[in-house]
Amino acid sequence: MRLVLLGPPGSGKGTQANAIVARLQAPKISTGDMLRAALAAGTPLGLEARGYMDAGKLVPDSVVIGLVEERLKEPDAKNGFILDGFPRTTAQADALGALLARLGKPLEKVVQLDVPSELIVERTTLRRTDKRTGQIYHLKYSPPPPDAELEHRADDREETVKQRLAQYEAMTAALLPYYQRLGLLMRVDGVGEPAEVTARVLGALGLAA
Ligand code: AP5
């Protein structure tokens, strides 16, 4: 399955990608995770991305398109992938479409997780991630085990989350009509228990929960 997960910041893209990765037997490819790894490793790419990420702005298209192009060439992505957080602009969507057309492997589905803005701030500010496993927790809805090594993302402060939401509205929301026109878009209600949302996502993909 060649799948894109779309949705505003904190809508549950990472949580849902982790939940369906084994079922789809396809890797999760998250540009946010790749950029944070580059930042943690102190690479030139990470240093370039940092200012944008800390400010809640999008990293330039050329940077993320290059990252994804390289990642999709890896053997584990040959038979499918779950893209989480990419594309985020029309230019990124065009580049992805062109790349997949060259490979003769077009996108099969785009799933948008719909979550109202009022819930986004609570979801993101109380998010914690286990830095050893990458597992995503929430202090209220999905509490971490006592031995987790928790990280709080620098861009999960309330003012930055609001800026990320504004960027989503300005740059990424345009991908809904874009993929609707291509007949690929499925919209899923992202509110409810994570397992309920997973069942809805699988249903949208035509798979039983
Ligand atoms: P990125 O890491 O992609 O951030 P995002 O899109 O803002 O999404 P998040 O990771 O914040 O949220 P999510 O939807 O994955 O939600 P999650 O499952 O964690 O990008 C970060 C930055 O990198 C960007 O701002 C930008 O600077 C840069 N970047 C990345 N990609 C880029 C691109 N393509 N182009 C340009 N720049 C790019 O869930 C959130 C919380 O809610 C968790 O605590 C979770 O436990 C909880 N939760 C999940 N589901 C539920 C539920 N059903 N009920 C209650 N709580 C839930």
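Coordinate-derived values only; no laboratory data. Owing to the predicted nature of the structure, the values given are computational and were not obtained by experimental measurement. As a convention, Cβ positions derive from the backbone with ideal geometry for all residues, glycine included, and neighbour counts pool all protein chains shown.
For the reader, a short list of remarks on this structure follows.
- Farthest toward the positive end of the dipole of the chain, out of MET171, LEU103, VAL68, is the Cα of LEU103, where the dipole comes from beta carbon charges about the Cα centre.
- Residues whose amide H lies under 5 Å from that of SER30, counting only those 5 or more places away or on a different chain, are ASP84; hydrogens are built 1.01 Å from N in the peptide plane.
- Other residues lying with their Cβ under 15 Å from the Cβ of MET186 contribute a combined charge of +3, Lys and Arg counting +1, Asp and Glu -1.
- Along the chain, the exposed loop sites are trypsin sites (Lys or Arg not before Pro) outside DSSP states H, G, I, E and B with at most 11 other Cβ atoms within 10 Å, and the longest stretch free of them is 1-72.
- Computed over the range 99-202, the P(r) tail beyond 18 angstrom holds 63 percent of alpha carbon pairs.
- Segment GLU69-LYS131, length gained on full extension (0.36 nm per residue, minus Cα span): 19.7 nm
- By other beta-carbon atoms within 10 Å, ranking SER142, SER30 with the fewest at the front produces SER142, SER30.
- Relative contact order (%) - criterion: Cα under 8 Å, at least six apart; region: the chain: 30 percent
- Entries of LYS57/LYS105; LYS13/LYS131; LYS109/LYS131 with Cα pairs more than 28 Å apart: LYS57/LYS105; LYS109/LYS131
- The calculated FRET efficiency for the pair LEU47 and ARG157, based on their C-beta separation and a Förster distance of 22 Å, comes to about 0.60.
- Net charge, GLY206 excluded, C-beta distance under 13 Å - Lys, Arg +1, Asp, Glu -1: +2
- Under 19 Å from the Cα of LYS73 - aspartates and glutamates, other chains or at least 8 residues apart: ASP33, ASP61, ASP84, ASP94, GLU108
- Helical contribution to [θ] at 222 nm, DSSP H n ≥ 4, -39,500 (n - 2.57), averaged over the chain, rounded to 500: -14000 deg cm²/dmol
- The modelled label-to-label distance for the pair ARG181/LEU100, using points 7 Å beyond Cα in the direction of Cβ, is 1.6 nm.
- Mean Kyte hydropathy of -1.0 or more with a Cα span along the axis of at least 18 Å, helices from DSSP in the chain: 90-103
- Among beta bridges that DSSP assigns inside the chain, antiparallel share in %, nearest 5: 25 percent
- The magnitude of the dipole of the chain, with charges of +1 and -1 set on the Cβ of Lys/Arg and Asp/Glu and taken from the Cα centre, is near 440 debye.
- Summing +1 for each Lys or Arg and -1 for each Asp or Glu among the other residues whose beta-carbon sits under 14 angstrom from that of LYS73 gives 0.
- Of all aspartates and glutamates in the structure, those lying under 13 Å Cα to Cα from LYS140, and not within fewer than 8 positions of it along the same chain, are GLU122, GLU193.
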